[in-house]
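Participant: The structure is given below, and queries will be raised subsequently.
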Amino acid sequence: MISNTLNNNEYDMYYKWYIDNATSIDIIEGLEQNLDSVVLFYSGLAQDKHNYAYAEGKWTPKDVLLHIIDTERVFAYRALRIAREDKTPLAGYEQDDYAITANASKRSLVNIIDEYKAVRQASIALYRSFDSAALEQVGEASGCPISVRAIGYILTGHENHHTQIVKDRYL
């Protein structure tokens, strides 16, 4: 078990809210719990909500879930590179550009949920492979320091944040 009490040099303050919203003190436990809760939540969405946006220009629940998937892929890649002590600064990514080209409206929610499960299971396997030294590695992404450990908590907290938004604004 790894404490979610991180040092300030492990992440930019932008991510503090996500880290604070990681409800488990163990990275793998949090990722596993969210796998179950996210699949259950999105599987239970009424059909008429799948492509619903609460305002012009806002994402649909399918867009939100694809955003979670894309973000997890980007951050897992960052975690891998940093854990392997790759010192190359990693670029940011523009989430809105990804959402535009993700084609969520052309896919079924079941298909997106299946993709989510595959990505999350890969992230869990990746984090299981890290020892404590790898988890403590700090690299640079989007011009800021970030540790492998912080990324694990960010994944869970980011997902909790977006799932709560869907619950609050779409249901």
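The values are calculated or read from the model by the stated rules, or taken from the named source; none is laboratory data. Bear in mind the structure is a predicted one, so any value in this text is a computation, not a measurement. Reconstructed Cβ throughout: ideal geometry from the backbone, glycine too, with neighbour counts over all protein chains shown.
Participant: Tell me, which residue of the range 129-165 that is in contact with an Asp or Glu (Cβ under 6 Å, 6 or more places away or on another chain) and under 14 Å from Ile28 (Cα atoms) is surrounded by the most Cβ atoms within 10 Å (Cβ to Cβ)?
Facilitator: This residue is Ala150.
Participant: Moving to a separate point now. Do we have any residue at all in the range 66-74 that's at pLDDT 95 or above, outside any helix (DSSP H, G or I) and among the hydrophobic types (A, V, I, L, M, F, W, C)?
Facilitator: Taking every residue of the range 66-74 in turn, none turns out to be at pLDDT 95 or above, outside any helix (DSSP H, G or I) and among the hydrophobic types (A, V, I, L, M, F, W, C).
Participant: Within the range 138-147, identify whether any single residue is closer than 15 Å to Phe75 by Cβ and part of a helix (DSSP H, G or I), and answer yes or no.
Facilitator: Taking every residue of the range 138-147 in turn, none turns out to be closer than 15 Å to Phe75 by Cβ and part of a helix (DSSP H, G or I).
Participant: I'd like the full set of residues that are surrounded by 12 or more Cβ atoms within 10 Å (Cβ to Cβ) and within 20 Å of Gly139 (Cα to Cα), limited to the range 92-105.
Facilitator: Listed by number, the list holds a single entry, Tyr93.
Participant: Residues of the range 37-87 being touching a residue at least 12 places away in the same chain (Cβ under 8 Å), surrounded by fewer than 11 Cβ atoms within 10 Å (Cβ to Cβ) and not charged (D, E, K, R), which ones?
Facilitator: The answer is Ser43, and nothing else.
Participant: Residues to consider are Ser3, Ser24; find the one that is in a loop (DSSP other than H, G, I, E, B), under 15 Å from the mean Cα position of the chain (by Cα), modelled with pLDDT under 95 and not basic (Lys, Arg).
Facilitator: One residue alone meets the criteria, Ser24.
Participant: Somewhere in the range 97-120, is a residue more than 19 Å from Tyr11 (Cβ to Cβ), among the aromatic types (Phe, Trp, Tyr), part of a helix (DSSP H, G or I) and touching a Lys or Arg at 6+ places or on another chain (Cβ under 7 Å)?
Facilitator: No.
Participant: Could you pull out the residue among Ala118, Ala102 that is touching a residue at least 24 places away in the same chain (Cβ under 8 Å) and either closer than 28 Å to Asp48 by Cα or hydrophobic (A, V, I, L, M, F, W, C) (or both)?
Facilitator: None of the others qualify; the one that does is Ala102.
Participant: Applying the selection to the range 18-64, what residues are hydrophobic (A, V, I, L, M, F, W, C) and in contact with a helix residue (DSSP H, G or I) (Cβ under 7 Å, 6 or more places away or on another chain)?
Facilitator: Ile19, Ala22, Ile27, Ile28, Leu31, Leu35, Val38, Val39, Phe41, Leu45, Trp59, Val64
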